[in-house]
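Enquirer: Quick one: this structure, given as structure tokens, is what I'll be asking you about.
The values are calculated or read from the model by the stated rules, or taken from the named source; none is laboratory data. Please read these numbers as outputs of a predicted model, since none were measured by experiment. Every residue, glycine among them, receives a Cβ derived from its backbone with ideal geometry; neighbour counts consider all protein chains shown.
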Amino acid sequence: MRAYWELAKSSFRRHSTYRTAAVAGAFTNSVFGLIRASLLLSAITTAGGAIGGYSAMEAATYVWLGQALLAPLGLFGTAELANRVKSGDIAVDLSRSVNLTASYWAQDLGRAAFDVLPRGLPPLIVGAWVTGLAMPGTPGPYLLGFVSILAAVSLNFLGFFAINLLSFWVLEIRGFWMLYMVVMNLLSGFLVPVTWFPGWLLDFARATPFPSMLQTPVDILAGRTDGGESLAMVGLQILWLAVLLVVVQMMVRFGSRRLVVQGG
Amino acid sequence: MASSRAIRSGAGRDPQAPVTNLVLLRLLVSARLRSQLAYRGSFLSDVAGQILLGLTEFVELYAIVHNVSSFGGMTFAQTLLVFGLASVAFALGDLLLGETDSMSETIRSGKLEVLLVRPLPVLLQLATSDFQLRRVGRLIFALAALAAALLFADITWDPVKVLLALITPLAGAAIFCALFLGAGAMQFWILDGRQFANAFTYGGRYVASMPGAALFFPIQIFFTFVIPATLVAYAPSLVILDLDGPAGIPVWTGWLGLPAAVVLSGLMLLLWRAAIKKYTGAGG
């Protein structure tokens, strides 16, 4: 356990050195927030009050929380593992006395811990200033929201990790990566809340783990759901976590048997 | 890079004729295309991914529009015209200069020095090095969306509108090329600032494909007169559809696309020159 804690800490430190990148990310997420908020608000004004259960203020809050959590939740992913398979460095990873998945997971949590403030706070400040935010006044949503964020970070990590692991079987994962990004961006509710979708797409989205990766923590944090509902949503997240964990472990197990690293 | 032998053995070429940039360009692009088609499975999955990307960008718009009777003062077919024009322009710009988006990677890995020592303009090499045929997938979807919009949007055509409809995708492509160029140049100064540039390139794409009237007023002004994203598709669409523009994007801006493309390209080329001059190498 100690080793994973140290890995998480060193990952936190590693990401804290790229300060310009953090500032640039915060700037861009704020600009996108302005664009997205104005589009959703314009549609809601035309519709006369609310769309998909979101009033103007709630939709604005949804956008800003989403922009703030985008980077910490890890919606962009990293192809580090796939690159290490390509270069052969994966052999070093596999011979270490730590679990492969757990060591990358710990590092991702360290990254998320750093990203929360420098990348998360600026969009929220811009949002509070431009449109205002509708945040709950009780501690409950924040506590459950924290658990839900942890689960969502882990879900995003495992999703991208599974795509990375495909590199044990195929030479180039770019096509799969692209496919995953496109589907995840849409179904996680990052672009518009999934309840805005036409019925058939909403049903499809709800049958996947993607809404648990972004929309769930955002809705819980914003206090849109009452305590019981929020608990059920976190439960669903943990269920998906278990499913993805099994998938990833199977992939590591069978993939590392297939893996041939050239040279030595 | 094609070696001199490859150039000399180029089929049907007079061996005495001087090797111009144009000949080199053709050689580079055709070599690129052949190498990309070599792995057919990987290529097809890439094209499918690009088409799907275009599709989700459309669903993103549809998810908003299907909830309302009009979005930013436009019907669904009319928003589709904006989306189609913007997508075609972006797909073309991305095809030509999308590579400059990852300039910091090129600089950091030392690839830029390789490009600099070759007797060809760096920009030409960048454009050909990333002539990714898979990005054609995006263009295919964009053209399909545009065709559907032209069919359903109920436009009363006259010669002037036809002219505008022909200029618009080209001017838009030039605007996105210029934005990509600026994004690349900027990364010479701010090496970690790639995401910063994305606010203007991908943010510009996002704005360009949506009805401008749905934006906050200051955003309208900024993305029309500073970063000319609404001039790519929305403003010309207003002219083509005989609609009135919002306060920040008056209907006469519909004709500003081409001049804006020329001015912006000029400025960004100057910035690019300055960036290349400023580059001192990393001792590679």
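Enquirer: Looking at B:LEU270, is it assigned to a helix (DSSP H, G or I) and free of Cβ contacts under 8 Å to residues at least 12 places away in the same chain?
Expert: yes
Enquirer: Oh, and also: Could you tell me whether B:GLY54 is within 13 Å of chain A (Cβ to nearest Cβ), in contact (Cβ under 8 Å) with a residue 24 or more places away in the chain and at positive phi?
Expert: In short, no.
Enquirer: Taking segment A:61-89 on its own, how many of its residues are of a type outside the set (Asp, Glu), over 11 Å from the mean Cα position of the chain (by Cα) and surrounded by fewer than 21 Cβ atoms within 10 Å (Cβ to Cβ)?
Expert: Residues flagged as of a type outside the set (Asp, Glu), over 11 Å from the mean Cα position of the chain (by Cα) and surrounded by fewer than 21 Cβ atoms within 10 Å (Cβ to Cβ) within segment A:61-89 amount to 7.
Enquirer: Considering only segment A:222-241, I want to know if a residue exists there that is within 14 Å of the chain's Cα centre (by Cα) and among the β-branched types (Val, Ile, Thr).
Expert: So far as segment A:222-241 goes, no, none of its residues is within 14 Å of the chain's Cα centre (by Cα) and among the β-branched types (Val, Ile, Thr).
Enquirer: I need the helices (runs of 4 or more DSSP H) fully contained in segment A:1-105, keeping only those with at least 1 residues that are within 11 Å of chain B (Cβ to nearest Cβ) and at pLDDT 90 or above.
Expert: A:19-47, A:56-73
Enquirer: Please give the number of the condition B:LEU116 fails out of (1) of a type in the set (A, V, I, L, M); (2) over 21 Å from the mean Cα position of the chain (by Cα); (3) within 12 Å of chain A (Cβ to nearest Cβ).
Expert: Here B:LEU116 meets the rest and fails (3).
Enquirer: Right, another one. Only residues that are part of a loop (DSSP other than H, G, I, E, B), within 14 Å of another protein chain (Cβ to nearest Cβ) and of a type outside the set (A, V, I, L, M): list them for segment B:210-249, please.
Expert: Selection gives B:PRO211, B:PHE216, B:THR230, B:PRO246, B:GLY248.
Enquirer: With respect to A:GLY159, is the statement that it is on the phi > 0 side of the Ramachandran plot and not charged (D, E, K, R) true?
Expert: no
Enquirer: Condition first: assigned to a helix (DSSP H, G or I), surrounded by fewer than 18 Cβ atoms within 10 Å (Cβ to Cβ), more than 10 Å from chain B (Cβ to nearest Cβ) and among the aromatic types (Phe, Trp, Tyr). Can you find one or more residues in segment A:188-202 that meet it?
Expert: yes
Enquirer: From the list B:LEU81, B:LEU37, B:LEU61, B:LEU22, pick out the single residue that is more than 8 Å from every other protein chain (Cβ to nearest Cβ), touching a helix residue (DSSP H, G or I) at 6+ places or on another chain (Cβ under 7 Å) and under 30 Å from B:LEU120 (Cα atoms).
Expert: B:LEU37 is the lone residue from the list that is more than 8 Å from every other protein chain (Cβ to nearest Cβ), touching a helix residue (DSSP H, G or I) at 6+ places or on another chain (Cβ under 7 Å) and under 30 Å from B:LEU120 (Cα atoms).
Enquirer: Test A:ALA102 against the stated conditions and say whether it is surrounded by 20 or more Cβ atoms within 10 Å (Cβ to Cβ) and touching a residue at least 40 places away in the same chain (Cβ under 8 Å).
Expert: no
Enquirer: Of the numbered conditions (1) in contact (Cβ under 8 Å) with a residue 60 or more places away in the chain; (2) surrounded by fewer than 16 Cβ atoms within 10 Å (Cβ to Cβ); (3) within 13 Å of chain A (Cβ to nearest Cβ), B:ASP101 satisfies every one except a single condition; which is it?
Expert: (2)
Enquirer: Right, next: Counting just the residues of segment B:157-203 that are outside any helix (DSSP H, G or I) and not aliphatic (A, V, I, L, M), which one comes out surrounded by the most Cβ atoms within 10 Å (Cβ to Cβ)?
Expert: For segment B:157-203, the residue satisfying everything is B:GLY193.
Enquirer: Considering only segment A:154-183, how many residues are surrounded by 18 or more Cβ atoms within 10 Å (Cβ to Cβ) and over 30 Å from A:VAL261 (Cβ atoms)?
Expert: Of the residues in that region, 1 qualify.
Enquirer: I want to confirm something. Restricting to segment A:18-60 and keeping residues that are in contact (Cβ under 8 Å) with a residue 40 or more places away in the chain, more than 28 Å from A:THR225 (Cα to Cα) and not aliphatic (A, V, I, L, M), which single residue is surrounded by the fewest Cβ atoms within 10 Å (Cβ to Cβ)?
Expert: Checked segment A:18-60; the qualifying residue surrounded by the fewest Cβ atoms within 10 Å (Cβ to Cβ) is A:ARG19.
Enquirer: For segment B:117-142, enumerate the residues that are free of Cβ contacts under 8 Å to residues at least 12 places away in the same chain and in a helix (DSSP H, G or I).
Expert: Selection gives B:VAL117 alone.
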